[in-house]
Structures are given as structure tokens and as C-alpha cells.
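J.: Structure in C-alpha cells, see below.
We did not get these values from a lab; they are worked out from the coordinates using the rules stated. The model shown is predicted, which means the values in this text are computed figures rather than measured ones. A quick note on method: Cβ atoms are made from the backbone with ideal geometry, for glycine too, and the neighbour counts reach across all protein chains shown.
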Amino acid sequence: MTTQAPTTLLDAITVAPEGGRPIPDAATGETMGHAPVHTVADLDAAITAARAAQPSWAALGHEKRSEILRRAADEIEAHAEELARIVAQEQGKPLNGMGARFEAGGAAVWVRSAADTPLEPEVLFEAEGTRSELHYGPLGVVGAISPWNWPALIATWQIAPSLRMGNTVVAKPSEYTPLSVLALIELLNRHLPEGVLTGISGDREIGAALASHDGVDKVMFTGSTKTGREIVKGSANNLARLTLELGGNDPGIVLPGTDAAAIAENLFWGIFINTGQTCASLKRLYVHDSVYDDVVAELAKLAESMPLGAGLDEDSLLGPLSNKQQFDIVSRMVADARARGARIVVGGEAAPELGPHFYRPTIVADIEDGATLVDEEQFGPAVPVIRYSDVEDAIARANSSEQALGASVWGDPDEARKIAERIESGTVWINQHGTLNPLVPFGGIKGSGYGLEFGEHGLKAVGAPKVITT
Ligand code: NAD
């Protein structure tokens, strides 16, 4: 009997229904494929293989590893459309706009950037015949644990720099979006030596076992603040170094006298990118009294006109919530806002005619701090717009959150710049929100975690610092 070789990327990663985990299409709820269900024994085997493969991977040196990563980036590019369609179906984001095609293309860009970023030894001290240099070598095995909102892109951010630095990687995607990450790993593995990168598909227990495993030297974690705390506890076992990219409740401040129409589109996408399911999207908007009504009206106009539909529909620019859990969180927070007397300007309801987890883009006005929609991360298409009259008060409220991932200030660039300096956050954008650049470090402070990703800082974060003094 002959077995047929898989013809598509999705075929290559899905397993037979028996024993596999059914993965729903985010828009329809229908099964789109089955993911493997790996066990702790599979995890142990993957880590053993990663440890065995690591010395020879490290011995290839930066140049050779970068060359392999560039070939892997070409492979992602060659299959970007297939990868994008898996992401659009599994996670739900539309193919177009800042959606699934952007995510698949971004994965190639970030792999190439990890390969191309120079990292020279730093001379720390040189005088009187003594010279101290700081070098970065590999740490060993990296455990990469990722969330469901930008599954392929975030896994890339964890995997690519780790590999470039000579580490080997065991990657655990979210149980909601394993196929997007397994597809990415399949493409990378067409160029990597055996054992260097393994995907382990499982739930939170497998994630916990990976994070605290004796064979892991570094954990790259992106997910909620609650899980981040568990990861920190787990690291007491293996003393693994941690990069924690945790939740955000990003504030935006619109300054007095700002032209609402001029900022409306950037503001809208700063809030609604990936239908609001983005760590560093704008999640609470403080608007000065003088421009409040105009900003609310402009946002409402865009929300009402934005096409909402399935990820695979070429016309969609907003999609469903990715899963029922997140749909319930958003529905509950909007209901709480309504019960407190906030004004639902547009949206405020599900769109069941489109599928089980669609929620209309929602602008909530006349709401105050204290409502869950303001105080907690909604991670969905509903934004609270809070009125303020004193800029000092807006800054204090922006800084009052436990989370501090991103923030933005909108208005006159010079005024905004002064305020940016006073905001407690990993990144502050001016007249934009959430834009990322593979060469510019990204990371949170306070409850949004610690450590940096991207560029030279990102490479150092997955490297072992070593001082050589002669
Ligand atoms: P989550 O914390 O529930 O899950 C993230 C991953 O951790 C999943 O793979 C999950 O299986 C695994 N996991 C769960 N419990 C674990 C444990 N005890 N030990 C180890 N692993 C465990 O988060 P989520 O719901 O998938 O993602 C949404 C959250 O992620 C939001 O809060 C969002 O803001 C945040 N996020 C942050 C960034 C960032 O860069 N800061 C980026 C994207 C998402």
C-alpha cells in the first residue's frame, strides 16, 4: 500500500481525527482540521532531542545559522498565502488589512531580521593593558510558549532570535491555535537540522511542564499576566531565564484642540487591529472635553462602516472573536458598562447571523474608570471612551493600571512628546498606536512583564552573556 504525500501545508500538519484535537474554524465553528495531542512523554523526548542537537547547531556559528534562517524565511514567503489562510481560518483575522496576510508576511520579515541583525562583542573597558569584552553565546534550550491572537507572528518572535543565537527550541502554541504555529514550524523545519526546533501541541498542563522542565534554560512566554505569574513560579525549579510579554491595558490620551477627523483612522486601527485582540492595542481612550463629541462621532462612523465577516472573506476588515472564552469576556464587559449607565454609541451586541463569535465593533461613551471595560483588558472590539478636562488627571489615570505595555498620545506632536515622557509604559506612540518594527525593541513594564524582544536587544535576551578579560 502506498501513502500519499501531503499536498498542502494544512495536510502536512493535521492528524487523523482519532486521537487528534478538533480545531474549529473561528468564523463558523466547524472543524477545519485536527491537531496532534502531545503528552509529557512527547515533551521529554522533544527536550532530549533539542539538548542533543544544540551543540552542533551552536557550532555552526552566526553566519551559517543566519544563512539557514534566510532560506527558511524564503520558504515562509513561498508559502505565505497558505499560511495566511490557515491563520485566517483558525484565529479568525481577515486576510486583508493588518490581517492574516500581514501576519504571514511578517513572519518572514522577522525571521530575516533575526538572521541579519549584527551582534558584535562590546568592549566594556580598555586601559593599562586590560581589555574586557562582553560576548553573547547560546543559553541552551529555549521553551517558547505563545498565545492565540497572533499565533504565527508571536511564535516567530520567540523562535527566530533563539535559533539565531545558537539555541534549540521547543515551541508550545496555544491550544486554540496550534495549526498556525505547527504550519510555521513545518516551513522552518524544511531547512533546520533534526531536533533543532520541535512543536509540542497541548494545553496549559503541557505549557506548565515545559516552563518548569529541568532541560530548559530559557522561557520565552507571551500570554496573560495571570499565566505569567505561574511561569515565574515554575522557573524556581529550573532557574530558567524569562522573557515575559504579558497582557496590556493600553491607554490613549487625546489632547485638547486635536483635529478628530485627522486622527480618526489611525486611532480606529490602533484600537481595532485584529478586532481588538492585540496585546498592544489601544484599550481605554481618554479624550479631552473640548474634542470628546467629535472623536466619539468619528470613531462611530468608522465602526459602522467597517466590513465585518469571516477571515477567509476577501471583503472583511474585522473578524470574529477567536474563541468563545473571549467572546464571553467582551459580552460581559459591555453588559457591565451598559448596566452602569454608559452610552453604547454603536455596536454593543453580537452578530449571530455571521457566526457564533461575532461581536459588532463597539464604541462606549460616558463611562468612567471603575467599570471592568476600563480597568481590565477586554481583548476585543469594544472600546471605552472616557472624558477628561485636566491633562494631569488623564496622565494619572493612564498610569493607574497594573498593566504597562503600550500607550499613545494624540495631538500636537511637541505637546504629546512632553506627556509621553511622563507615561509609565514599555512603549509610548505619538499619533499612532501599536506599530512595531523588527529593529526596535518591544516589551512591557509593571504587570505587562519584563524583557525585550526584537533587534539587538532581542538577540541579547536569548543569549548567555560572557565577559572575557585579557
Ligand atoms: P494565556 O496566558 O491563557 O495562554 C498563553 C499560553 O500559555 C498558551 O499556550 C497556554 O496554553 C499556555 N499556558 C497556560 N497556562 C500555563 C501555565 N501554567 N504554564 C505555562 N504555560 C501555560 O493567554 P492567551 O489567552 O492565549 O493570550 C491572551 C493574552 O496574551 C492577553 O492578555 C494578551 O494581552 C497577552 N499577549 C501579550 C503580548 C505581548 O507581547 N505582551 C502579545 C500577545 C498577547
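J.: Can you tell me the FRET efficiency between ALA12 and ASP42 if r is taken as the Cβ-Cβ distance and R0 is 22 Å, rounded to the nearest 0.05? Show your work: numbers first, answer last.
T.: On the way: r = 18 Å, r/R0 = 0.83.
Between ALA12 and ASP42 the formula returns 0.75.
J.: Farthest toward the dipole's positive end in the chain, which of ALA27, ALA73, ALA339, given Cβ charges of +1 (Lys, Arg) and -1 (Asp, Glu) about the Cα centre?
T.: ALA73
J.: Pick out, from PRO356, ALA107, PRO381, the residue whose Cα sits farthest towards the positive end of the charge dipole of the chain, with +1 on the Cβ of Lys and Arg and -1 on the Cβ of Asp and Glu.
T.: Most positive-ward Cα: ALA107.
J.: Rounded if a/c is under 1.5, else prolate if a/b beats b/c, else oblate: with a ≥ b ≥ c from the C-alpha gyration tensor eigenvalues square-rooted, which is the chain? Let's see the in-between values first.
T.: Details: a/c = 1.99, a/b = 1.30, b/c = 1.54.
Verdict is oblate for the chain.
J.: While we're here: Report the one residue of GLY443, ASN323, ALA240 whose Cα lies farthest in the direction of the positive end of the charge dipole of the chain (charges on C-beta: Lys and Arg +1, Asp and Glu -1; origin at the Cα centre).
T.: It is ALA240.
J.: Separate question: If you restrict to DSSP beta bridges whose two residues both lie in the range 335-407, what percentage is antiparallel, to the nearest 5?
T.: Working: 4 of 8 bridges.
Around 50 percent antiparallel, to the nearest 5.
J.: Can I ask one more? Would you mind working out the magnitude of the charge dipole of the range 250-430 relative to its Cα centre, with +1 at each Lys and Arg C-beta and -1 at each Asp and Glu C-beta, to the nearest 20 Debye? Can you show the working numbers first?
T.: On the way: 14 positive and 30 negative charges, 80 e Å.
My answer is approximately 380 debye.
J.: Working from the pairwise distances between different alpha carbons, so that the mean of 1/r is found and then inverted, what is the range 250-430's Kirkwood radius in Å?
T.: Numbers: mean 1/r = 0.0618 Å⁻¹.
Radius from the Kirkwood sum: 16.2 Å.
J.: If you take every DSSP beta bridge fully contained in the chain, what fraction is antiparallel? Give it as a percent rounded to 5.
T.: Values: 23 of 61 bridges.
Approximately 40 percent, going by the DSSP bridge assignments.
J.: Using only Cα atoms, locate the centre of the range 407-470 and the centre of the range 287-308, then give the distance between them in Å, rounded to an integer.
T.: The range 407-470 and the range 287-308 have Cα centres separated by 28 Å.
J.: Report, in debye and to the nearest 20, how large the dipole of the range 28-182 comes out about its Cα centre when Lys and Arg carry +1 and Asp and Glu carry -1 on their Cβ. Mind dumping the intermediate values first?
T.: Working: 12 positive and 19 negative charges, 36 e Å.
Roughly 180 debye for the range 28-182.
J.: Related question: Can you tell me the dipole magnitude for the chain around its Cα centre, using point charges on the Cβ only (Lys, Arg +1; Asp, Glu -1), in Debye to the nearest 20?
T.: On the way: 37 positive and 62 negative charges, 207 e Å.
That gives the chain a dipole magnitude of about 1000 debye.
J.: With θ set to phi - 60° and the Karplus curve 6.51 cos²θ - 1.76 cosθ + 1.60, what are the ³J(HN,Hα) couplings of the range 341-356 in order, to the nearest whole Hz, using x for Gly and Pro?
T.: x, 5, 9, 8, 6, 9, x, x, 7, 6, 10, x, 5, 8, x, x
J.: With a/c under 1.5 counting as rounded, go ahead and sort the range 302-362 into rounded, prolate or oblate using the C-alpha gyration tensor (a ≥ b ≥ c being the square roots of the eigenvalues; past the cut-off, prolate if a/b is larger than b/c, else oblate). Present the calculation step by step, with values, prior to reporting the outcome.
T.: Working: a/c = 2.94, a/b = 1.50, b/c = 1.95.
Because a/c hits 1.5 or more and a/b fails to exceed b/c, the range 302-362 counts as oblate.
J.: Work out, step by step, the length gained on full extension between ARG229 and GLU424: first 0.36 nm times the residue separation, then minus their alpha carbon distance; give nm to one decimal. Intermediate results must be reported in sequence, preceding the final value.
T.: Numbers: separation 195, 0.36 × 195 = 70.20 nm, distance 2.06 nm.
Result for the pair: 68.1 nm of gain on full extension.
J.: Note down the relative contact order for the range 250-430 as a percent, whole number, built from C-alpha pairs under 8 angstrom at least six residues apart.
T.: Numbers: 365 pairs, mean separation 50.7, N = 181.
Rounded, it is 28 percent for the range 250-430.
J.: Past 30 Å, Cα to Cα, is the threshold; run LYS226/LYS301; LYS324/LYS460; LYS64/LYS466 against it and keep the listed order. Don't jump to the answer; show the numbers that get you there.
T.: Working: LYS226/LYS301 36 Å; LYS324/LYS460 38 Å; LYS64/LYS466 22 Å.
As for pairs spanning more than 30 Å Cα to Cα, those are LYS226/LYS301; LYS324/LYS460.
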